[in-house]
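The next block holds one structure in the form of structure tokens; read it before the comments.
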Amino acid sequence: MTLAAPADLESGSTASSTGETSPRRRIALSPSRASDFRQCPLKYRLRAIDRIEETPSAAATRGNVVHAALEALYDLPAPERSPERATELVGPAWDRLVAERPGLAEAFADPERVALLAGAESLVQAYFRLENPAGFEPESCESRVEVELDDGVLLRGFIDRIDVATNGALRVVDYKTGRVPSEMREQSALLQMKFYALIVLRTRGILAKQLRLLYLSSGDILTYEPDAEELLRFERTLSAMWRAILAAGATGDFRPNPSRLCNWCDYKALCPSFGGTTPEYPGWPESEELEP
């Protein structure tokens, strides 16, 4: 479960307590960055390379709180994993999120914060209509996964939960706090599931039996049973995408790709397709080969 995919988890720098900046983490492909580039190369650039901060949205922040609360739920002994106890974890999850990102407290005034946390509590309670968390022990929660493919493409991401059955069958689970995807968004969800299945295959040598998306707000479950040959084709797709990113990175030619999704893009004011002025390209990170 991830507390929201800040850009520095995929490429970026971190400030130490002395104010010094550590080397940028080696830039990588994650499900979100792959979706960004496929949707709009300029959006990818502004997020992953320019690292221009976006205004926190209530929906994304609510999702972060829900993920953190569910992560904490599985830290409890199984008999204590009740809807009431899970609801009690929402407030502390918000507090931890604000401690990590102080700007959130200022981004949401009291009425907005109250509504946000009430929505998070409702989604946490809805989770119990999909699964009984007291009935099993996951192998891991909030797993940071990373693998370098044979051609040098670095894949990185966070897996909400991994379950392993007694017969060794492996299931990857991801919580979704938004609505069931439309056809366009369903493609993005499928990309995410294939991405994690590929990482599991390359890091563990195991073909996951099932990948499951749990849509808490609607109660829907989207499942995907990966096929090894399909994953190998997907691996080649990611490699081709990375080559395209590197080519754009060398020239700075990250072109906008206008679509109806632009209505929800925080970078619209910087997009030439809407009369905006894109900042001067800062260049591909010089420390791209440095590890944190």
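For the range 116-245, just list the percent of Cα-Cα distances falling in each 10 Å bin from zero outward, please.
11, 40, 34, 13, 2
Counting Lys +1, Arg +1, Asp -1, Glu -1, what net charge surrounds N64 among other residues with beta carbon under 15 Å of its beta carbon?
Taking every Cβ under 15 Å from that of N64, the sum is -4.
For the chain, compute the number of Lys pairs whose alpha carbons are separated by less than 24 Å, excluding pairs fewer than 8 positions apart on the same chain.
Value for the chain: 6.
Sequence gap at least 6, Cα distance under 8 Å: using those rules, report the relative contact order of the chain to the nearest whole percent.
Over the chain, the number comes to 23 percent.
Net charge near R212: determine it from the other residues with C-beta under 14 Å of the C-beta of R212, scoring Lys and Arg +1 and Asp and Glu -1.
-1
To the nearest 500 deg cm²/dmol, what mean residue ellipticity at 222 nm is calculated for the chain from DSSP H runs of n ≥ 4 alone, each contributing -39,500 (n - 2.57), summed and divided by the residues?
Computed mean residue ellipticity for the chain: -12500 deg cm²/dmol.
Measure of size requested: the Rg and Dmax of the chain, with Cα atoms as the atom set and Å as the unit; please supply both.
Computed over the Cα atoms of the chain, radius of gyration and Dmax are 19.5, 58 Å.
So for the range 56-186, averaging the separation of alpha carbon pairs under 8 Å that are six or more residues apart and normalising by length, what relative contact order in percent results?
25
What distance in nm lies between label points placed 7 Å from Cα along the C-beta direction at D266 and V114?
2.6
All of the numbers you see were taken from the coordinates with simple rules; none came from a lab. Since we're looking at a predicted model, the values are computed, not measured. All Cβ positions, glycine included, derive from the backbone under ideal geometry; neighbour counts span all protein chains shown.
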